[in-house]
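K.L.:
This is the structure, below, for whatever I ask next.
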Amino acid sequence: MGIVNVTPDSFSDGGLHATVEDGLAQAMRLIGDGADILDIGGESTRPGAEPVPADEEIARTVPVIAAVHARWHGPISIDTMKPEVARAAVTAGATVWNDVTALTFTPDGPDVAAALGCEVILMHMQGEPRSMQVEPRYGDVLAEVGDYLLARAEAAMAAGVARGRITLDPGIGFGKTMEHNLALIAGLERLAGLGFPVLLGASRKRMIRNIDPSATEAGDRLGGSIALALEGARRGAAIVRVHDVRETVQALAVQAAIISADQTDQNSANKIARPTNLTNG
């Protein structure tokens with residue numbers, strides 16, 4: 001999943017793709033780099049971010065979605081917590097609603113998602129963007145995040161969203177310390193075991209700077225971002241949401257080739273080791 005932020009204040013690339021022309025150019029660049037899904041967002045959810053009115057968010061995202069949809073038939077995701085923005089985006093050509101509040105921003109969120117008939121990505125966040133990083137606390141972060149996501153999936157299905165249209169996101173960096181983030185990534189297989197595809201969004205995030213203090217700028221975190229994407233894929237993530245699509249696609253292709261070769265070697269070893277049946281003389 002390639003990220004297209006059409007915002008002036010996103011933590012990684014705020015202001016770089018804030019016009020329709022720049023947003024479209026970035027989207028087409030990511031498609032050329034190998035993105036399978038585009039995630040287009042018009043409101044920053046970085047720590048401390050201020051809310052954006054729905055009409056402004058629609059004005060930022062819908063023209064870009066429409067322009068991309070006119071040129072590309074792959075899946076387009078709208079990254080928004082607001083049902084009215086999701087409605088406008090789906091009308092313009094989006095087929096996925098990626099919601100950091102897991103359809104809780106308004107009481108009718110699940111009903112709107114069901115009516116739209118789109119796929120939904122339900123993310124866990126403790127608190128809200130302006131304050132989520134102020135002393136986040138958990139007893140057992142993996143269990144609590146898993147329970148929350150499962151409950152939100154059940155709420156969506158109760159409203160009429162098909163089970164096969166739901167993806168879960170543990171929300172790396174959304175109301176979590178570095179230790180919480182690492183525990184979630186290490187336990188990703190447990191989250192995947194809940195029975196829904198899992199998305200991992202850790203690209204360029206602050207946890208990389210916490211591990212490598214020299215990576216002060218978001219653009220300095222490519223190595224850490226790729227490491228997280230590879231580990232996420234290895235542990236069961238169905239989707240990795242990234243800024244650097246070309247490099248991540250290449251890394252995942254190399255990883256897949258190694259895994260395939262390892263499986264081939266194991267199969268060959270099993271055939272060699274299989275004893276001959278000598279019971280009939």
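The values are calculated or read from the model by the stated rules, or taken from the named source; none is laboratory data. On a predicted model such as this, the values are computed, not experimentally measured, just so you know. With ideal geometry, Cβ positions are generated from the backbone for all residues, glycine too; neighbour counts draw on all protein chains shown. Just the protein is used for accessible areas: all its heavy atoms, side chains included, with ligands, DNA and RNA removed. Shrake-Rupley method; radii C 1.70, N 1.55, O 1.52, S 1.80 Å.
K.L.:
Excluding ligands, DNA and RNA, what is the solvent-accessible area per residue of the chain at a probe of 1.4 Å, expressed in Å²?
P.N.:
46 Å²
K.L.:
Might you work out the accessible area of Glu50 for me, using a 1.4 Å probe with all protein chains in place, and round it to the nearest 10 Å²?
P.N.:
110 Å²
K.L.:
What Kirkwood Rh does the stretch 98-220 have if only Cα atoms enter the pairwise 1/r average? Answer in Å.
P.N.:
15.1 Å
K.L.:
Rounded to the nearest 500, what is the 222 nm mean residue ellipticity of the chain from helices alone, with -39500 (n - 2.57) per DSSP H run of 4+ residues and division by all residues?
P.N.:
-15000 deg cm²/dmol
K.L.:
While we're on this one: Restricting to Cα atoms and excluding each atom paired with itself, what does the Kirkwood estimate give for the chain in Å?
P.N.:
19.7 Å
K.L.:
For labels at Ser260 and Thr91 in the simple 7 Å Cα→Cβ model, what's the distance in nm?
P.N.:
4.5 nm
K.L.:
A further question follows. Please report the accessible area of Leu30 (heavy atoms, 1.4 Å probe, ligands and nucleic acids excluded) in Å², nearest 10.
P.N.:
10 Å²
K.L.:
Right, something else. Using +1 on the beta carbon of Lys and Arg, -1 on that of Asp and Glu, and nothing else charged, what's the dipole of the chain about the Cα centre, debye to 20?
P.N.:
800 debye
K.L.:
Another question, if that's okay. Mean-square fluctuation check for the chain, GNM, Cα pairs under 10 Å: which of Gly219, Gly42, Gly109 is largest?
P.N.:
Maximum fluctuation in the GNM of the chain, among the listed residues, is at Gly219.
K.L.:
Could I ask something else about it? Rounded to the nearest Å, what's the spacing between the alpha carbon centres of the stretch 62-79 and the stretch 197-227? Just the number, please.
P.N.:
Centre-to-centre distance over Cα atoms comes out at 27 Å.
K.L.:
Here is a further query. Ignoring ligands, DNA and RNA, what percent of the accessible area of the chain is carbon or sulfur (1.4 Å)?
P.N.:
Within the chain, the accessible surface is 53 percent carbon and sulfur.
K.L.:
Shape of the stretch 152-273 from its Cα gyration tensor (a ≥ b ≥ c, root eigenvalues): rounded if a/c is under 1.5, otherwise prolate when a/b > b/c, or oblate?
P.N.:
oblate
K.L.:
Assuming 0.36 nm per residue, please report the length gained on full extension of the stretch Glu84 to Asp140 beyond their Cα-Cα distance.
P.N.:
Working it through step by step, the gained length comes to 16.7 nm.
K.L.:
While we're looking at this one, here's another question. Taking the chain as the reference, fit the longest principal axis to its C-alpha atoms, fit the long axis of helix 83-92 to the helix C-alpha atoms, and give the angle between the two in degrees, 0 to 90, nearest 10.
P.N.:
In the chain, helix 83-92 runs at an angle near 80 degrees to the longest axis.
K.L.:
Taking 0.36 nm per residue of sequence separation and subtracting the Cα-Cα distance, how much length would be gained by fully extending the chain between Ala192 and Thr216, in nm to one decimal?
P.N.:
Result: 5.5 nm gained on full extension.
K.L.:
Let me ask something else. Would you kindly state how much longer the chain becomes between Glu56 and Leu150 on full extension, computed as 0.36 nm times their sequence separation minus their alpha carbon distance, in nm to one decimal?
P.N.:
Here the segment from Glu56 to Leu150 would lengthen by 30.6 nm.
K.L.:
Here's something else I'd like to know. Which distance in nm do the two modelled labels at Ala253 and Thr19 give, with both placed 7 Å along the Cα-to-Cβ direction?
P.N.:
Spacing of the two 7 Å Cα→Cβ label points: 3.3 nm.
K.L.:
Here's something else I'd like to know. Can you give the accessible area of Ser77, probe radius 1.4 Å, in Å² rounded to 10?
P.N.:
Looks like 0 Å² after rounding.
K.L.:
Using only the alpha-carbon atoms, how far is helix 141-159 inclined from the longest principal axis of the chain? Give it as 0 to 90 degrees, nearest 10.
P.N.:
That works out to roughly 70 degrees.
K.L.:
Further question: Report, in degrees rounded to the nearest 10, the 0 to 90 angle that the Cα long axis of helix 222-234 makes with the longest principal axis of the chain.
P.N.:
Approximately 60 degrees, to the nearest 10.
K.L.:
What do you reckon, how do Ser214, Ser44 stack up by accessible area (1.4 Å probe), largest on top?
P.N.:
Ser214, Ser44
K.L.:
Another question, if that's okay. So, in nm, how far is label Leu182 from label Asp36 when the simple model puts each one 7 Å beyond its Cα toward the Cβ?
P.N.:
Here the modelled spin labels are 3.0 nm apart.
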